[in-house]
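Written out below as structure tokens is the structure these notes cover.
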Amino acid sequence: MASIKRRSDGKWRARYRDPDGKEHAGHFPTRRDAERWLDLVRGDLVRGEYLDPDAGKVALEAWARRWLATVRPTLKPSTVASYESLLRSRIYRRFGTTTLAAIRPSDVQEWLGEMTSAGISASRVRKCAVVLKMIMDAAVRDNLIRSNPVTGVEPPRIERHEAAYFSPDVVDRIAAAMPTDEYALLVRVLGIGGLRFGEAAALTRDRVDLVRKRLLVRESVTEVAGRLVRTSTKTYQHRQVPLSPTVAAALTAHLDARVDPQSDAPVFQSPMGGWLRYQAFHGRVWTPVLDDLELPNVGLHVLRHSAAARMIQAGASPKTVQAILGHRSAAFTLTVYGHLFDTDLDDLAACLDAPADHSRTTAVDLDERRASRTA
């Protein structure tokens with residue numbers, strides 16, 4: 001039901017009732033403007049695209065808290081902590097009291113630009129945009145707003161740099177300089193097997209398959225608000241990591257001498273028992289060893305890059321490296337480590353001028369070149 005009526009001041013009042021029976025009204029300078037407004041409302045009702053004009057008047061912070069409560073059970077504790085940090089430090093400060101319907105794409109673009117100009121890293125700015133987009137997507141799905149103001153906004157680009165890594169001999173030097181044999185083994189597991197620190201910290205006795213010489217990577221340990229939490233791996237993937245003969249032998253000796261017999265006993269433990277903490281190991285063990293060896297003060301993730309470089313230099317394909325490291329796709333592996341596959345391109349180029357009838361021979365030559373390089 002809709003109607004238009006002229007007011008005493010000469011303006012026109014248009015009103016209608018929504019599907020829930022709630023009355024809405026608008027005031028216009030001319031009758032024609034009032035009719036156009038009602039025509040738009042009727043069209044939205046017919047197409048099933050009607051939005052309550054008052055629905056988007058909820059403040060973003062109130063809506064974001066409700067959204068986070070609904071998605072929390074599906075997220076890792078570390079992810080929830082990350083979202084909460086971004087919301088408190090960045091999103092609420094700018095849009096917390098702003099209603100959902102009042103946020104414009106230009107406001108979002110300006111906000112991203114301000115953070116970039118303030119020196120906030122491109123990665124963190126993009127994460128802010130991602131979280132705000134998820135919040136506004138939920139508002140669109142619930143018919144609070146018609147469109148997402150973050151869609152189409154351009155966040156800063158992340159410059160991709162070649163992943164820094166240590167050569168195998170440097171990894172061996174670091175392992176040899178560790179204060180205990182257990183920590184030396186941990187460095188080799190990280191620097192040869194390519195596990196993330198949290199994945200190595202979560203390893204238990206039953207995840208070490210010495211018969212097949214494999215590590216079964218299923219979980220990760222993460223520190224959230226000072227508390228250690230055991231969750232699935234970063235990409236939610238289960239994978240097997242091959243053990244080199246020397247690492248397998250060292251693990252065998254370590255399990256026999258240092259690890260409790262229970263199947264769920266941690267393979268690597270803190271000095272006080274229990275799971276290793278990244279920050280504690282980094283500050284008390286890792287950094288001092290790098291200083292003593294006069295090596296760059298880099299994070300433990302460099303060992304994962306070092307493992308990838310070692311695999312590639314040993315002739316592993318991008319797909320194999322992806323499977324061992326637990327990347328989501330081989331495309332991502334190539335994005336991060338593509339420069340390390342350049343020698344394959346050199347070998348291929350040397351074979352391109354070969355006659356067509358020798359194509360099978362050139363393929364063999366390429367394999368032989370790769371084998372000789374890893375010998």
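The values are calculated or read from the model by the stated rules, or taken from the named source; none is laboratory data. This is a predicted model, so every value here is computed, not measured. Every residue, glycine as well, gets a Cβ built from its backbone with ideal geometry; the counts of neighbours run over all protein chains shown.
Checking Arg227 against (1) surrounded by 16 or more Cβ atoms within 10 Å (Cβ to Cβ); (2) within 20 Å of Lys76 (Cβ to Cβ); (3) without any contact (Cβ under 8 Å) to a residue 40 or more places away in the chain, only one condition comes out false. Which one?
Exception for Arg227: condition (1).
Residue-by-condition table, conditions (1) aliphatic (A, V, I, L, M); (2) not in a helix (DSSP H, G or I):
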| position | (1), (2) |
| --- | --- |
| Ser8 | no, yes |
| Arg15 | no, yes |
| Ala34 | yes, no |
| Arg42 | no, no |
| Ala62 | yes, no |
| Thr79 | no, no |
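Among the listed residues Leu45, Leu51, Leu40, which satisfies the condition of being under 25 Å from Lys11 (Cβ atoms), loosely packed, with under 13 Cβ neighbours inside 10 Å and among the hydrophobic types (A, V, I, L, M, F, W, C)?
Numbers: Leu45 fails: loosely packed, with under 13 Cβ neighbours inside 10 Å; Leu51 fails: loosely packed, with under 13 Cβ neighbours inside 10 Å.
Just a single option satisfies the conditions, and that option is Leu40.
Scanning segment 243-273 for residues that are small (Gly, Ala, Ser) and loosely packed, with under 10 Cβ neighbours inside 10 Å, which turns out farthest from Pro179 (Cα to Cα)?
My answer is Ser263.
Tell me which residues, restricted to segment 212-222, are assigned to a strand (DSSP E or B) and free of Cβ contacts under 8 Å to residues at least 60 places away in the same chain.
Answer for segment 212-222, where residues must be assigned to a strand (DSSP E or B) and free of Cβ contacts under 8 Å to residues at least 60 places away in the same chain: Arg214, Leu215, Leu216, Glu219, Ser220, Val221.
Yes or no: Leu255 part of a helix (DSSP H, G or I), more than 26 Å from the chain's Cα centre (by Cα), within 18 Å of Ser167 (Cβ to Cβ) and at pLDDT 95 or above?
Against the criterion (part of a helix (DSSP H, G or I), more than 26 Å from the chain's Cα centre (by Cα), within 18 Å of Ser167 (Cβ to Cβ) and at pLDDT 95 or above), Leu255 does not qualify.
Is it the case that some residue within segment 40-49 is among the acidic types (Asp, Glu) and at pLDDT below 90?
At the first step, the residues of segment 40-49 found to be among the acidic types (Asp, Glu) are 44, 49.
Narrowing the set further to residues that are at pLDDT below 90 leaves 44, 49.
Yes - at least one qualifying residue is present in segment 40-49.
What are the residue pairs meeting all of these: first residue in segment 18-47, first residue under 15 Å from Ser3 (Cβ atoms), second residue among the aliphatic types (A, V, I, L, M), Cβ atoms under 6 Å, and 6 or more apart or on different chains?
Gly26/Ala14; Phe28/Ala34; Ala34/Ile4; Ala34/Ala14; Trp37/Ala14; Leu38/Ala2; Leu38/Ala14
Checking Met272 against (1) assigned by TED's automatic domain parsing to the domain that holds Leu251; (2) in contact with a Lys or Arg (Cβ under 7 Å, 6 or more places away or on another chain); (3) hydrophobic (A, V, I, L, M, F, W, C), which test does it fail?
If we test Met272 against (1) assigned by TED's automatic domain parsing to the domain that holds Leu251; (2) in contact with a Lys or Arg (Cβ under 7 Å, 6 or more places away or on another chain); (3) hydrophobic (A, V, I, L, M, F, W, C), just (2) comes out false.
Find the residue count for segment 36-60, including only residues that are touching a Phe, Trp or Tyr at 6+ places or on another chain (Cβ under 6 Å), acidic (Asp, Glu) and under 30 Å from Arg93 (Cβ atoms).
Matching residues across segment 36-60 total 0.
Hey, does segment 302-314 have a residue that's over 23 Å from Arg218 (Cα atoms), at pLDDT 80 or above, of a type outside the set (Val, Ile, Thr) and surrounded by fewer than 16 Cβ atoms within 10 Å (Cβ to Cβ)?
yes
If I filter segment 363-373 for residues that are modelled with pLDDT of 85 or more and part of a helix (DSSP H, G or I), do I get at least one hit? Spell out the reasoning first.
As a first pass, look at segment 363-373 and keep what is modelled with pLDDT of 85 or more: none.
So far as segment 363-373 goes, no, none of its residues is modelled with pLDDT of 85 or more and part of a helix (DSSP H, G or I).
So which residues in segment 161-180 are modelled with pLDDT under 95 and in contact with a helix residue (DSSP H, G or I) (Cβ under 7 Å, 6 or more places away or on another chain)?
Correct list: Glu162, Ala163, Ala164, Tyr165, Phe166, Pro168.
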